[in-house]
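Here is the structure we will look at, set down as structure tokens.
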Amino acid sequence: MAVEIKRVKYLPELRQVAELADEIWHECFIGIITVGQIDYMVDKFQSLSAMCDQIDKQGYSYLAVRDEGELCGYIAVKPEEDDRFFLSKLYLRKDKRGRGIATEMLHRVFDEALAAGKKRVYLTVNKHNEQAIAVYKKTGFTVAEDVVTDIGNGYVMDDHIMEYVL
Ligand SMILES: CC(C)(COP(=O)(O)OP(=O)(O)OC[C@H]1O[C@@H](n2cnc3c(N)ncnc32)[C@H](O)[C@@H]1OP(=O)(O)O)[C@@H](O)C(=O)NCCC(=O)NCCS
């Protein structure tokens with residue numbers, strides 16, 4: 001298996017990530033949140049313009065995951081001002097799951113966090129996203145807190161905050 005994880009630098013590549021995000025979100029969140037909420041969240045957080053704003057103005061980086069050269073996943077991260085590193089997005093297309101690629105992705109996140117001088121990695125995950133929670137727990141993340149966040153349009157994110165001490 002030749003998995004490559006590289007920082008996204010150019011707009012055409014970010015556009016491909018946006019297309020992939022649209023596909024993955026409409027598959028993995030069915031049964032967890034409504035289609036209306038998926039549409040809303042993809043537009044708000046994973047559209048090309050939203051991701052450009054995150055990168056240009058909010059300190060986020062996107063990393064593209066390729067298997068045998070084919071884009072199949074992505075990561076978004078952001079260093080906080082304190083000792084924490086935010087793992088904002090960790091997404092892998094369905095046909096690539098169950099092969100340990102997420103373990104490689106998470107190790108890359110830990111490397112990025114250490115290189116940024118951080119001591120902890122944290123993330124938010126929907127309380128009903130059982131597979132992702134199992135992967136995070138297996139990797140050593142623990143639930144630090146539960147939080148309900150109003151994201152507008154009548155929608156909320158009902159999340160665990162999970163944390164990994166580096
Ligand atoms: C979350 C996600 C990236 C995980 O990818 P994956 O391919 O399923 O994970 P992997 O096969 O790499 O497994 C990672 C580790 O967790 C373990 N694991 C996987 N499923 C597990 C389970 N149900 N219980 C316990 N351990 C599990 C694996 O054995 C592996 O550990 P190892 O490398 O030590 O063997 C993937 O499921 C995904 O993209 N889901 C949809 C998007 C999503 O929900 N993202 C998270 C949003 S917060």
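Observations, loosely collected:
- Candidate set from the stretch 27-43 (those that are in a helix (DSSP H, G or I) and within 11 Å of the ligand (Cβ to nearest atom)); member that is surrounded by the fewest Cβ atoms within 10 Å (Cβ to Cβ): GLU27
- Going through (1) more than 15 Å from MET41 (Cβ to Cβ); (2) outside any helix (DSSP H, G or I) one by one, ASP150 falls short only on (1).
- Applying the set (1) surrounded by fewer than 18 Cβ atoms within 10 Å (Cβ to Cβ); (2) within 18 Å of MET157 (Cα to Cα); (3) without any contact (Cβ under 8 Å) to a residue 40 or more places away in the chain; (4) aliphatic (A, V, I, L, M) to LEU48 leaves exactly one unmet item: (2).
- Counting only residues that are of a type in the set (Asp, Glu), in contact with a strand residue (DSSP E or B) (Cβ under 9 Å, 6 or more places away or on another chain) and open to solvent by 60 Å² or more (accessible area, probe 1.4 Å), the stretch 101-135 holds 1 of them.
- Any pair with Cβ under 7 angstrom, 6 or more apart, that starts in the stretch 19-38 at a residue that is among the β-branched types (Val, Ile, Thr) and ends at one that is surrounded by fewer than 15 Cβ atoms within 10 Å (Cβ to Cβ): ILE32/HIS128; ILE38/HIS26
- Close pairs from the stretch 83-97: first in contact (Cβ under 8 Å) with a residue 24 or more places away in the chain, partner hydroxyl-bearing (Ser, Thr, Tyr), Cβ under 6 Å, at least 6 apart: ARG84/TYR122; TYR91/TYR74
- Only a single criterion out of (1) of a type in the set (A, V, I, L, M, F, W, C); (2) away from the ligand (no atom under 14 Å from the Cβ); (3) under 14 Å from LEU106 (Cβ atoms) is not satisfied by PHE141, namely (2).
Rundown of residues vs (1) out of contact with any helix residue (DSSP H, G or I) (no Cβ under 6 Å at 6 or more places or on another chain); (2) closer than 27 Å to GLN16 by Cβ, yes/no style:
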position: ALA102; (1), (2): no, yes
position: HIS107; (1), (2): yes, yes
position: LEU114; (1), (2): yes, no
position: LYS118; (1), (2): yes, no
position: GLU130; (1), (2): yes, no
position: GLU145; (1), (2): yes, no
position: ILE161; (1), (2): yes, no
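The values are calculated or read from the model by the stated rules, or taken from the named source; none is laboratory data. Quick caveat, the model's predicted, so the values are computed rather than measured. Ideal geometry is used to build each Cβ from the backbone, glycine not excepted, and the neighbour counts take in all protein chains shown. Calculation scope for accessible area: heavy atoms of the full protein, side chains included, ligands and nucleic acids excluded. Shrake-Rupley method; radii C 1.70, N 1.55, O 1.52, S 1.80 Å.
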